[in-house]
């Protein structure tokens, strides 16, 4: 899905000017890639965050620069650690017909059967790299763990490949599993040993 973001071209000026823009709710930005000249921009922080919250970081953003419409993705961002204010953002221009690689969040859905039987559900990876044309990039990859029993796992090879994108990570990469905690195993082993020890009888 593509959304539209209003941008303004700006001159590359001293840092003090950038600080003034930030105080006005604007984020200094730069657009580059796909044969588009590096262009300094400003965008409304409010509008940008609204798009990202509603559609995610992998959504295609259409902007008008130099009188032409450009499709782009959000690239690197600089965010203040304490205030959470956006200090700078890159926009990467894309060709809608060419595949690109991005990361997508892994989200586990449903309750694993094994977790209900005393096991512990473990999420092994939280992001996967996917390849697709920009309009098919997922924001997240949902992994259904409902049928996982204790000792079972889901790997990249088990995930659906019929969603318009390809997962680049190794097929054997483990995504989620249901395990028995080590202390539980040790307790069971200790209990078994105690039961097996013969009772000493004194003469």
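Here are some notes:
- For the criterion of being closer than 26 Å to residue 181 by Cα, touching a residue at least 40 places away in the same chain (Cβ under 8 Å) and either in contact with a helix residue (DSSP H, G or I) (Cβ under 7 Å, 6 or more places away or on another chain) or not assigned by TED's automatic domain parsing to the domain that holds residue 34 (or both), residue 119 passes.
- Scanning the range 87-126 for residues being under 19 Å from the mean Cα position of the chain (by Cα), closer than 30 Å to residue 40 by Cβ and not in a loop (DSSP other than H, G, I, E, B) gives a total of 9.
- Residue identified as over 22 Å from the mean Cα position of the chain (by Cα) and either assigned by TED's automatic domain parsing to the domain that holds residue 127 or on the phi < 0 side of the Ramachandran plot (or both) among 62, 42: 42
- Of all the numbered requirements in (1) modelled with pLDDT of 95 or more; (2) farther than 30 Å from residue 27 by Cβ, residue 95 misses one, and that requirement is (2).
- With respect to being in contact with a strand residue (DSSP E or B) (Cβ under 9 Å, 6 or more places away or on another chain) and modelled with pLDDT of 95 or more, residue 79 falls outside the description.
The values are calculated or read from the model by the stated rules, or taken from the named source; none is laboratory data. Given the structure is predicted, the values throughout are model-derived calculations rather than measurements. Note that we place each Cβ from the backbone using ideal geometry, even for glycine, and neighbour counts take in every protein chain shown.
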